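Inspection log for the structure reproduced underneath, given as structure tokens.
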């Protein structure tokens, strides 16, 4: 029987019905899970560890970097890893881990739920069973298991606060589809792994994110900002005739601060050659994030800057698929 490391990090799945985080010790927690979901005994031998127990809205990048290190240290003793995580920042965690664990060689299935396991009508049971099942299948992927799909972590975003199909990878097909049968896509686990060496020691926090709206004033980034992300309209358009926006771009260019452009749209790509306004953004130094999700963009930018990368390394990185993320 496969040995699976079950890491509880917090989130709705393990909450008490009151909505408060449960106080967890690994032994009693495993007993509780197996009492609620006894079919897990038929899938794998589970070992539970609790690296931390936090609402995902309170997680910092350092928690995820430490989680990646913990998984690397423990992975040799297991056939796969399941991570229980809150849904609010699950897509960001999945992006960071997708980059940092791309070469782990084992499945990492990240899951959670919209309702606690203790509820009668909860999605927690199915999600947990599916995640453990997929973690036994030997597919070298880091992905989110939620609802009826397993989605590549570096291509995923949360789209709903109440539907049981809460996540999607709009620019990439699912790794697996879950129904009466579990169907794994033939391309799951098959991608070039090109993550640069030296990442993961530090994540750069000093990032500014702009989500424009018509008429928005374009203030200069705060002192000490190391990177800027702009969630542009459509394929990369911004009001480039605005003098305050041009001032922001030139401020960043003069200080060697990379400005990366992603899109507000759920699917599709930034293409700074498609329209005149996008071309103007590119001429002012904007870097296209292509089809990267907002979370994969933040994860990649923060890891690069945390490792001391400069603008040209950032530009090259967003033209390269490190871990199967669409570009």
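With contacts taken as Cα pairs under 8 Å and at least 6 residues apart, the chain reaches a relative contact order of 15 percent. Given segment 3-184, what percent of its DSSP beta bridges are antiparallel, to the nearest 5? The antiparallel fraction comes to roughly 40 percent.
Could you compute the FRET efficiency for residue 76 and residue 55, with r as their C-beta to C-beta distance and R0 at 30 Å, rounded to 0.05? Write out the running numbers ahead of the final one.
On the way: r = 31 Å, r/R0 = 1.03.
Between residue 76 and residue 55 the formula returns 0.45.
Of interest is the spacing of the C-alpha centroids, which for segment 159-199 and segment 282-303 amounts to 20 Å.
Each 5 Å bin, from zero up to the one with the longest distance, holds this percent of the alpha carbon pairs of segment 112-201: 3, 13, 23, 22, 17, 12, 6, 3, 1, 0. Considering only DSSP beta bridges where both residues belong to the chain, give the percentage that are antiparallel (nearest 5). Just about 30 percent of them are antiparallel.
Based on the Cα atoms of segment 150-246, what semi-axes does the equivalent ellipsoid have, where each is the square root of 5 times one gyration tensor eigenvalue, given in whole Å with the largest first? Mind showing how you got there, number by number?
Working: eigenvalues 246, 83, 35 Å².
Its equivalent ellipsoid spans semi-axes of 35, 20, 13 Å.
Among 1, 240, 249, 180, sorting on how many other beta-carbon atoms sit within 10 Å of each Cβ, with the fewest leading, yields 180, 1, 240, 249.
Between 188, 57, 91, the GNM of the chain built on Cα springs shorter than 10 angstrom shows 57 fluctuating the most.
Summary value for segment 153-198: 22 percent relative contact order, contacts being C-alpha pairs under 8 angstrom separated by 6+ residues. Arranged from fewest to most other beta-carbon atoms within 10 Å of their beta carbon, 78, 191, 318 become 191, 78, 318.
From the P(r) of the chain, can you give the percent of Cα pairs sitting at distances over 26 Å? So the pairs more than 26 Å apart make up 47 percent of the total in the chain. Sorted into 5 angstrom bins from 0, the C-alpha pair distances of segment 207-317 split as 2, 13, 26, 27, 21, 10, 2, 0 percent.
Take the chain, connect every pair of alpha-carbon atoms lying under 10 Å apart with a spring to form a Gaussian network, then pick out the residue of 268, 14, 153 with the largest mean-square fluctuation. Among 268, 14, 153, the largest GNM mean-square fluctuation belongs to 268.
Our analysis of segment 3-184 gives Rg over Rh at 0.91, with the two radii drawn from alpha carbon positions and Rh computed by the Kirkwood formula.
Over segment 3-184, what relative contact order in percent results from Cα pairs under 8 Å that are six or more residues apart? Before the final figure, lay out the partial values.
Details: 396 pairs, mean separation 41.8, N = 182.
Reported as a whole number, the value is 23 percent.
All of the numbers you see were taken from the coordinates with simple rules; none came from a lab. Nothing here was measured: the structure is a model prediction, and the numbers come from that model. Virtual Cβ from ideal backbone geometry, glycine too; neighbours counted across all protein chains shown.
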